[in-house]
Amino acid sequence: MSEKPLLSNDIRNKITQLEYSGLSGKEKEITRIYKEATGENPPNFKIYSSVEMGIGNKSGFDGAAIHFHDKKHNINEVYYVFRGTEPSKDFGDVVYDALGIGAGKSTQQINDAKKMYQQVETKIKSSDEKLKRYGDGHSLGGHLIVTLSLITKSFKDIRALNDAPVNLKQLEALDKEFELYVFHQTGKKDGISSKKLTELANTYYEKQKATISHTWVKGEPMHAQSFPNSWYAGNKVTMLGDLDTEEMINIGKYPFQKEAKWNPVYMIDQFRYNLGVKTTLGGLGFVNDHVKQETLLNLPETRDQYLESVKRYPFLHFGEIKAGIGVGAVVMVNTFTSPGATFQLVKGISQSKQAKLHGINYVVKYTEANAMKTYYQVFDSGSQEEILLDYEQMKKFVYYCANAIKDKEANLNALKQYLHSEINEVFEAKKKKLKMKISREEASPQSFMEKADKDGATLAWFGQKRVAEKVTFDKTFDPLDDSVFTPVEEIISSIQEEVTYYQKFLEAFFQNFEKMMEADESVASDIKSMKEVVGGI
């Protein structure tokens with residue numbers, strides 16, 4: 001089993017929170033955070049900042065790495081920490097959110113994250129001890145650290161906090177090995193559906209997924225969203241805060257899907273809504289293709305000059321104008337003419353106060369208060385969607401299945417015993433009893449005839465009774481009809497199917513979860529113990 005990381009989740013959360021003010025020169029603050037949590041001073045460490053490295057000035061990327069090294073105690077760990085979107089501080093984050101995560105077009109920030117990673121690795125690889133890499137990121141930073149870990153395939157543990165998802169189209173462009181894998185599996189370079197890409201990514205990045213976990217505050221807006229090619233890689237999800245909080249609206253999902261199955265009005269509206277989402281994302285891609293990144297990044301500072309230039313020389317800005325009109329028109333038309341879009345708008349306004357839950361402060365607050373519940377994310381090959389499983393409920397169901405198998409197998413044995421012996425025993429006993437009665441009647445034929453007379457069944461010849469000298473009965477019996485056995489056989493077959501279903505479920509559960517959770521020591525140990533108990537039931 002591998003050792004636990006030097007920094008606890010609580011410490012890592014607080015360092016991620018501190019990154020919003022920059023980690024450069026924050027040795028005292030990091031020492032204080034570590035000492036408050038452990039009661040001891042941390043091992044020697046060095047901070048590497050993207051700002052000091054001169055990385056991210058244009059793209060808006062902001063990250064840091066903290067290298068803890070103590071040869072005597074065999075400590076050699078580096079923690080990469082990436083901050084999230086700061087619209088008021090850096091407009092580059094907004095541009096990347098739209099074009100990189102939303103449209104899957106821009107790769108500027110992830111390229112800067114890779115550049116920083118490579119430089120840090122070069123500086124610290126002189127250590128003799130094996131280096132263990134950990135990563136934390138909030139919001140946009142979560143998207144970046146998860147994407148980086150998938151590309152490099154070198155991290156031991158990744159924690160994404162209220163994170164934005166990976167964009168599979170962007171990942172395919174960044175990871176050439178994954179791109180080649182997709183081509184070999186599909187025979188295509190383009191036109192691959194989002195569901196198919198997700199399925200392929202879940203297979204290709206199976207090992208990396210086991211190292212990635214997500215921590216989400218219940219009701220915050222980011223994780224509720226789903227767009228084509230968005231993917232939350234990872235097996236473990238920890239929900240924080242009030243678990244009864246309503247989930248935020250999912251802009252990428254039509255809100256009246258059930259109604260659209262039977263109502264033609266909603267069916268048409270769903271088509272328009274989905275087309276609007278697709279066109280908006282396509283429009284963002286068009287913006288990326290026709291508008292210079294520098295223009296977008298500098299827009300907050302040069303807005304007035306830019307608008308004046310558009311007014312005087314519109315022909316020089318034809319691509320930008322076309323992109324702006326296209327995206328704006330789609331948003332406006334869908335919002336004011338689509339029932340689904342109008343519902344989302346009104347619902348979003350009513351949930352606006354939940355937006356604050358996205359902040360890193362709430363992650364720190366609820367983690368400290370231990371207000372959390374852990375789920376496990378599983379890719380369902382049938383629906384091709386990620387589903388969240390409550391692990392504690394899953395454990396209860398596993399034990400329920402094991403006990404159900406035990407009870408049903410006992411019922412099966414009892415029914416088979418009844419089918420193969422008891423029914424025949426009852427039949428033979430009835431036959432024996434009837435044969436004994438026949439024998440008594442045959443031994444006293446006149447008595448039989450007199451009894452028959454009383455029942456009015458005796459034949460009389462010219463008014464005189466017939467005297468019976470002998471009575472003989474047919475003592476052969478027909479075999480039991482199949483209709484006697486069929487109901488029991490049907491019950492046995494039904495119960496056997498249930499037993500087989502539960503057995504296959506348990507087999508699949510242990511097979512999949514043992515593999516998924518091998519990176520989580522406590523859960524892996526728990527599953528092993530559970531398997532031993534279930535095997536003995």
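Need the failing condition index for Glu172 against (1) in contact with a Phe, Trp or Tyr (Cβ under 8 Å, 6 or more places away or on another chain); (2) not in a helix (DSSP H, G or I), just the number. All conditions pass for Glu172, except number (2). Number of residues in region 393-420 that are touching a residue at least 12 places away in the same chain (Cβ under 8 Å), among the hydrophobic types (A, V, I, L, M, F, W, C) and under 20 Å from Thr486 (Cβ atoms): the value is 3. The listed residues are Val398, Val363, and the only one of them that is crowded, with 16+ Cβ neighbours inside 10 Å and in contact with a strand residue (DSSP E or B) (Cβ under 8 Å, 6 or more places away or on another chain) turns out to be Val363. Checking each residue in region 339-389 for being in a loop (DSSP other than H, G, I, E, B) and in contact with a Lys or Arg (Cβ under 8 Å, 6 or more places away or on another chain) picks out only Gln384. Highlighted here are the strands (runs of 3 or more DSSP E) found entirely within region 33-89 that include at least 2 residues which are modelled with pLDDT under 95 and of a type outside the set (Phe, Trp, Tyr): 63-70, 75-82.
Only one of the listed residues (Lys408, Lys451) is at pLDDT 70 or above and closer than 29 Å to Ile492 by Cβ. That residue is Lys408. Among the criteria (1) charged (D, E, K, R); (2) at pLDDT 80 or above; (3) over 30 Å from Glu368 (Cβ atoms), the one Lys278 does not fulfil is (2).
Of the residues screened, Ser381 is not one that is exposed (fewer than 12 other Cβ atoms within 10 Å of the Cβ), among the hydroxyl-bearing types (Ser, Thr, Tyr) and at pLDDT 70 or above.
Pairing residues of region 71-88 that are assigned by TED's automatic domain parsing to the domain that holds Ser59 and under 19 Å from Gly135 (Cβ atoms) with residues that are surrounded by 12 or more Cβ atoms within 10 Å (Cβ to Cβ) and modelled with pLDDT under 85, at Cβ distances under 7 Å and at least 6 apart in sequence or on separate chains, gives Asn76/Ser127; Asn76/Glu129; Thr85/Asp93; Thr85/Val94; Thr85/Asp97. A Cβ distance below 9 Å, combined with a sequence gap of six or more or placement on separate chains, defines the contacts here; from region 505-527, residues that are outside any helix (DSSP H, G or I) reach residues that are modelled with pLDDT under 70 in the pairs Ala519/Ser2. None of Val488, Val471, Val467, Val484 is in contact with a Phe, Trp or Tyr (Cβ under 8 Å, 6 or more places away or on another chain) and at pLDDT below 80 except Val471. Scanning region 232-244 for residues that are surrounded by fewer than 22 Cβ atoms within 10 Å (Cβ to Cβ) and more than 14 Å from Asn162 (Cβ to Cβ) turns up Asp242, Leu243, Asp244. Within region 26-70, the set of residues being more than 19 Å from Lys114 (Cβ to Cβ) and among the aromatic types (Phe, Trp, Tyr) comprises Tyr34, Phe45, Phe68. Criterion applied to Glu308, Glu220, Glu294, Glu247 was being part of a loop (DSSP other than H, G, I, E, B) and either buried (at least 20 other Cβ atoms within 10 Å of the Cβ) or modelled with pLDDT under 70 (or both), and the one residue passing it is Glu220. If you go through region 129-163 and keep only what is among the charged types (D, E, K, R) and either outside any loop (DSSP other than H, G, I, E, B) or touching a Lys or Arg at 6+ places or on another chain (Cβ under 7 Å) (or both), you end up with Glu129, Lys132, Arg133, Asp136, Lys156, Asp157, Arg159.
The values are calculated or read from the model by the stated rules, or taken from the named source; none is laboratory data. No experiment lies behind these values; they were computed from the predicted model shown. All Cβ positions, even for glycine, are placed from backbone atoms using ideal geometry, and neighbour counts span all protein chains on display.
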